[in-house]
Each structure stands twice: as C-alpha cells, then as structure tokens.
1. How many residues does the range 291-328 hold that are more than 12 Å from the ligand (Cβ to nearest atom), in a loop (DSSP other than H, G, I, E, B) and among the β-branched types (V, I, T)?
2. Can you tell me how many residues in the range 382-403 are more than 9 Å from the ligand (Cβ to nearest atom), more than 15 Å from G289 (Cβ to Cβ) and assigned to a loop (DSSP other than H, G, I, E, B)?
3. For the range 331-370, enumerate the residues that are away from the ligand (no atom under 12 Å from the Cβ) and either aromatic (F, W, Y) or part of a helix (DSSP H, G or I) (or both).
4. Has the range 248-270 got any residue that is in the same structural domain as A194 (by TED's automatic domain parsing), modelled with pLDDT of 90 or more, farther than 16 Å from E202 by Cβ and not β-branched (V, I, T)?
5. Can you pull out every residue in the range 154-167 that is closer than 23 Å to C114 by Cβ and touching an Asp or Glu at 6+ places or on another chain (Cβ under 9 Å)?
6. Please specify each residue of the range 411-424 satisfying the condition of being of a type outside the set (S, T, N, Q) and either within 12 Å of the ligand (Cβ to nearest atom) or in a helix (DSSP H, G or I) (or both).
7. Is it true that some residue in the range 70-83 is at pLDDT 90 or above, touching a Leu at 6+ places or on another chain (Cβ under 7 Å), buried (at least 16 other Cβ atoms within 10 Å of the Cβ) and closer than 30 Å to G191 by Cα?
Amino acid sequence: MSRTLLVLILCLSALRLGASLGSRSILRAVADKNGDSEDYAVDLNASNFDAVLRDTPATFAVVEFFAHWCPACRNYKPHYEKVARLFNGPNAVHPGKVLMTRVDCALKINTNLCDKFSVGHYPMLFWGPPSKFVSGSWDPKQEKSEIRNIDNGRTAEKLLNWINEQIGSSFGLDDKKFENEHLSSNISDPGQIARAVYDVEEATSTAFDIILEHKMIKPETRAPLIKFLQLLVVHHPSMRCRKGSAEILVNFDELSPANTKQEEVAGAVKNFQICGKDVPRGYWIFCRGSKNDTRGFSCGLWVLLHSLSVRIEDGESQFAFTTICDFVHTFFVCEECRQHFYEMCLSMSSPFNKARDFALWLWRTHNKVNERLSKVEETMGTADPKFPKMIWPPMQLCASCYRSRNSQKIEWDEDEVHTFLANYYGKTLISLYKSNSVLGNVGAKGILDESTTSTNAVAVPVGAALAIALASCAFGVLACYWRSQQKSRKYYHQRYSLKKYDY
Ligand SMILES: Cc1cc2nc3c(=O)[nH]c(=O)nc-3n(C[C@H](O)[C@H](O)[C@H](O)COP(=O)(O)OP(=O)(O)OC[C@H]3O[C@@H](n4cnc5c(N)ncnc54)[C@H](O)[C@@H]3O)c2cc1C
C-alpha cells in the first residue's frame, strides 16, 4: 500500500514536470517569420531537414542545394520560386503534390548534409519521395536510388517540364488557383482517402482555432470540450493531434480555471497548437474543393468524426455519441448545421452498446444531410461541380454495400457498409501517413501506438494523457503503471451528459 502511494506521488510530481515541459514544447514559435521574405520554397537546414521531409503530406520533394554567395544561385532563385509558388504555401495552385525546398550549403551547420548528397556544384537539384531524403544520401555512382539528380532544370520552364514528365502532369507556370482541371474527384479514386489524415489534422486544428477566436470556452462549454479532447487523445488518427490533445487536457485546469475571464483563457490556450506547430497548413488535400468557397473545413470535420467512429471500442460507443453530439452542438459555428445535427442526436431513443452501431448511425446521419443538401444545392446552383452531394458510398467505392438499388430505394448490406467504413476511415486513412513514418517516430511509441485500445471511455483518455506527459520526461515505466491503474477502474461519467438525450 505504502509503495503504491510512493509510486503515485512520484507519478504526480513527474506529471507536473512533464506537463510544464510539454506545454513549453508546444508554445508557438514567436516572430520566426521574416517580414520581408516572399519566398515559397521552404528553407531547410541540418536540424529540420529530416523532420520536415518526414512530415510533409506532399508526394514528392525537390531539394535545391545552393550557396548564398553564389551569383548563379541568386540568378536562379526567381526561376525556382516561380515553380515553388505552384506547390508551396496556403495559396498554392497545386498543393500537396511537390514540396519545394532549399538548403544553403554555405552555412557550416549544413556541411555534413551537403556532403551526404555529394553536392559538387551550385545550384544542385534533387527529386524523390520526401521520405527517401530522410536520413538519406546520394552518390553519383550509386546505380539504384529513388533520389534523382535533376539535370535539366535551369529555368522555371525546364524545371516544371521535368516535374511534369516525372508525374505525368501538365502543370503550367501560369496555372491559377481553382482553375485546376487536374483535381480528381474522390468518388472515382478511392486511394484519395489515404491523404485525408492531413485534412483531419487541418480540421482539428481549425476547429480549435475557431473555438479560441470566437471565445467559446466558457464555464458551461468546458465539459463538452474536455470530453471531446478525451476522445481525441485516444482515438485521433494522427499521433501529432493525440499528443497535442493530451497536453491541452493535462494543462486544461491551469489554462482555463473555471472562474477565469474569457480573454485570459483564449490568451493562455492560444499558445497550444493541438496538432503541432506545422498545422494548420492553410490548405486542404482530400477536402479541397474545385471552387474557392466549397468543401474544406466542414468536409474535414466529417472525416474526423467518421475516423473517430471507427476507432472506438464497444464500451465507448455511447460516450462517443454524446461527446460528438455535444461538440457539434456547442462548437460548430454553422447554426443550421448544428441545429439539424442536434435534432438527429435527440431523435435517438436508446443508447448505443456497439461501436458498429454508432459508426453506422453517423454514416446514416451524414447521408441524410447529403440527401437534403443535394436538393438545396441543385436548386441554388451552389454545388461543387466536381463533388456533388450523393448517397454514399457510391457503387464505385463499395459495390458489395448494395443489396439492391432502384430509383426509389437502396437496400444496404450494413455488415458490408461497416466493413467498408472501418477500412476506409481506419487503415486506409492512415496508410500514407504511416508510410511517411510519422507514426512511431517519438520516444513515446508504446504509449501512442496505433493499436492503443481502451476499455473505458473516460479512464483511458485520462490515463493516456497522464502517460504522455510522463513519457515526455522519461518516466515511461511509471506512466505504464499509472495507466494500468487507471484502466482497471470503473468510471460512469458518461452517464451525466446523457440527461439531455432523455435516457
Ligand atoms: C456535423 C455536420 C453537419 C452539417 N450540417 C449541414 C447542414 O445542415 N446544412 C449545410 O448546408 N451544410 C451542413 N454541413 C456541411 C456539409 O455536410 C458538407 O460538409 C459541406 O457541404 C462540404 O461537402 P463535401 O462535398 O466536402 O462533402 P462532405 O459532406 O463534407 O463529406 C466529406 C467526405 O465524406 C465522405 N462521405 C460523404 N458521405 C458520407 C457518409 N454518409 N458516410 C461517411 N462518409 C461520407 C465523402 O468522401 C466526402 O467527400 C454539415 C457538416 C457537418 C460536419
């Protein structure tokens, strides 16, 4: 008993230390922007090279090795920037395709990095999948390498032609945003969902920013926010967001004491970036509309909700349902959306016992919204021509989901729909992310592993949050102990929030 007490005291002190270290680690970098710089290409150096290339959602990367004193490099810069403008930054014409970067070999810090890529003249350009650059190297004698030297990119036109040849595209230097005939509809390309985890991060981060901007953390909204963070800590498909949610959750009372003024809360919590310092990136990939004012955040939010629904355990299904209903009702600033959604929540007459039932409820609910909006959009002419609303999934995505279909009615095979949803929003959603090695690249792997499962909706998020904070200060063993203690407890908190759903 006394040993247990000692371990708990150690855990708590470690937690305090971990929390403060954690919160420092996610403080926004202040004033790191050079006001006079209009550059699109991302400056890399030996200390951020691997991290940036590992975490980018882009499929390919170009790395320019140059020296700032080299006159030819200075003259080349406008050419390189002309191409970078197409691919980098929030106003990119073709975002998420190619990450354009540069490394200044004249800086001492980069000497080894430039040596690893056998940089023999300036500028020297390389092409490859971003992950291949991570801890990578290049040698002219090497016969097989996925990193290639770009030998014909001395003008913007030549460089873009070279890129077009590699990826079979026909991008032009004059392409304008949202006049993009290359944008593929995600109906016909099931592989697109593999890129959606970046949009789920974007939506999470945007939702949090909106909550702060609209000063929505109040005494009466703390509970729904905390519950949502608890859900994210364990089930968010992105490890970055799980970690960030845990850090906010662990520090929540400190940041937002119940009697603090709204401005102070916003000021304190603003320092936290829920999915890390690089998110929001300012653009959408899977959820990108073909017009300026379509899709984006609300699409990302749906994908986040579906991805949570397929990750929960049976015992968490009712907690997840009330948490998502409360979150949308409290924090989704689209009035019509939250009212409609809330009515559909209230129409549920019995609690969920199975995760499958909740995932299917969310799918059905989303289809009801699609059905209603398809009529509205048709009448108003507001649909995105590339992404019209439809009953989902279409046959192209899941033929086996359909038992029968006529003009009046679809008879679904719900087992097949559930299998499809679990795979689509589960494994496939994170496949690209995983292959970019974003998962499992921090020391807390065991705790944050994708296979983390929970037996209790409240106990595990709290346990995981503690574990993450502890792991960050190398108290992994204690964290596991604490977490196992938490896991074995029974909590019934979720019942409280159900009152308004009349159970
Ligand atoms: C909770 C919520 C309620 C909303 N209510 C309204 C409303 O009342 N009025 C309004 O005008 N707008 C509403 N919206 C916004 C609207 O639903 C769309 O998000 C928006 O119009 C953008 O549509 P989209 O084409 O990107 O596809 P979205 O409907 O956002 O869907 C995103 C992606 O999810 C997938 N998907 C589509 N249907 C399903 C399904 N049934 N199950 C699983 N996955 C699916 C598809 O791949 C699709 O591309 C709501 C959004 C949310 C998150």
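The values are calculated or read from the model by the stated rules, or taken from the named source; none is laboratory data. Note that the structure is a prediction, hence the values are computed from the model and not measured. Cβ atoms come from the backbone with ideal geometry, glycine included; neighbour counts cover every protein chain shown.
1. Qualifying residue count for the region: 1.
2. Summing the residues that are more than 9 Å from the ligand (Cβ to nearest atom), more than 15 Å from G289 (Cβ to Cβ) and assigned to a loop (DSSP other than H, G, I, E, B) in the range 382-403 gives 4.
3. First, pick out the residues of the range 331-370 that are away from the ligand (no atom under 12 Å from the Cβ): 346-358.
Within the range 331-370, L346, F352, A355, R356, D357, F358 qualify.
4. yes
5. Answer for the range 154-167, where residues must be closer than 23 Å to C114 by Cβ and touching an Asp or Glu at 6+ places or on another chain (Cβ under 9 Å): just W162.
6. Selection gives W412, E414, D415, E416, V417, H418, F420, L421, A422, Y424.
7. Taking every residue of the range 70-83 in turn, at least one turns out to be at pLDDT 90 or above, touching a Leu at 6+ places or on another chain (Cβ under 7 Å), buried (at least 16 other Cβ atoms within 10 Å of the Cβ) and closer than 30 Å to G191 by Cα.
Conditions (1) assigned to a helix (DSSP H, G or I); (2) under 24 Å from G96 (Cα atoms), marked per residue:
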| site | (1), (2) |
| --- | --- |
| I109 | yes, no |
| N112 | yes, no |
| W138 | no, no |
| V197 | yes, yes |
